């Protein structure tokens, strides 16, 4: 599998509209459960067609950010996730770079601690689960199957979190990765990119440190993995800025 070529500056209209709808929710100060403007009003405010808005709403509904009620209109979703809107904190904007960078900062702390605890607490069965997930990710990379790579990547981080034997960290890791996936779906597609080959080796380094029962080595390997993933996002953003200015 070769490094995925970077995209040109083109982005589908519904992706752009999805970002704009989230920004509008924040700008209007809408909270979970509040009624949103109609599709017609959204199309007018965003300067696009109702068809594009409808597709954007489908994306945001699938991501759990918007709720469509037949015959009643659109509503801001209730934010049931741990880090959704409302009492848990600010409304996460997948296209806001400050939010994305803060999310990576949070993920770095999470992944370091789950890896550190996993090195102390993992059972033989949990070690096998981490190893198998790392192998699945490698298989996806070597076969050029991105969906298999992503499946292995999710399984790896989930398995490490499970081996930490801390249910709060398990939920936090799952929710933070869910939010990061929203950034990938709405335009920031650098989560794999040219980092795939490196990520496979980084997973192996985390696994080896956990297997060796070395908490600090596991934490360092996890931190390096998140830092390099963030660097890949930054390269994608720079590439997009370059194309948008030409």
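The values are calculated or read from the model by the stated rules, or taken from the named source; none is laboratory data. Everything numeric in this text was worked out from a predicted model, so none of it was measured. Methodologically, a virtual Cβ is constructed for each residue, glycine included, from the backbone with ideal geometry; neighbour enumeration extends over all protein chains shown.
If residue 125 satisfies every condition in (1) touching a helix residue (DSSP H, G or I) at 6+ places or on another chain (Cβ under 9 Å); (2) under 20 Å from residue 208 (Cβ atoms) but one, which is the exception?
Only one criterion is unmet by residue 125, namely (1).
Of all residues in the stretch 117-132, which are part of a helix (DSSP H, G or I) and in contact (Cβ under 8 Å) with a residue 40 or more places away in the chain? Explain how you work it out, then say what you get.
First, the residues of the stretch 117-132 that are part of a helix (DSSP H, G or I): 117-121, 124-132.
Across the stretch 117-132, the qualifying residues are 117, 118, 119, 120, 121, 127, 130, 131.
Tell me, which residue of the stretch 177-217 that is at pLDDT 90 or above and over 18 Å from residue 134 (Cβ atoms) is surrounded by the most Cβ atoms within 10 Å (Cβ to Cβ)?
215
Which condition number does residue 62 fail, the rest of (1) at pLDDT below 85; (2) in contact with a strand residue (DSSP E or B) (Cβ under 8 Å, 6 or more places away or on another chain) being met?
(2)
Output the number of residues of the stretch 129-170 satisfying the condition of being within 17 Å of residue 112 (Cβ to Cβ) and under 15 Å from the mean Cα position of the chain (by Cα).
Of the stretch 129-170, the ones within 17 Å of residue 112 (Cβ to Cβ) are 130, 156-166, 168-170.
Next cut, under 15 Å from the mean Cα position of the chain (by Cα) only: 156-158.
Looking only at that region, the number is 3.
Here is a yes/no grid of residues against (1) surrounded by fewer than 17 Cβ atoms within 10 Å (Cβ to Cβ); (2) at pLDDT below 90; (3) in contact with a helix residue (DSSP H, G or I) (Cβ under 7 Å, 6 or more places away or on another chain):
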{"residue": "77", "(1), (2), (3)": "no, yes, no"}
{"residue": "84", "(1), (2), (3)": "no, yes, no"}
{"residue": "88", "(1), (2), (3)": "yes, yes, no"}
{"residue": "92", "(1), (2), (3)": "no, yes, yes"}
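Going by the structure shown, is residue 142 closer than 13 Å to residue 206 by Cα and in a helix (DSSP H, G or I)?
Against the criterion (closer than 13 Å to residue 206 by Cα and in a helix (DSSP H, G or I)), residue 142 does not qualify.
Applying the selection to the stretch 29-44, what residues are in a loop (DSSP other than H, G, I, E, B), out of contact with any strand residue (DSSP E or B) (no Cβ under 7 Å at 6 or more places or on another chain) and surrounded by 13 or more Cβ atoms within 10 Å (Cβ to Cβ)? Reasoning before the result, please.
Here is the first cut: in the stretch 29-44, the ones in a loop (DSSP other than H, G, I, E, B) are 29-34, 36-38.
Then keep just the ones that are out of contact with any strand residue (DSSP E or B) (no Cβ under 7 Å at 6 or more places or on another chain); that gives 29, 37.
Hit for the stretch 29-44 is 37, nothing else.
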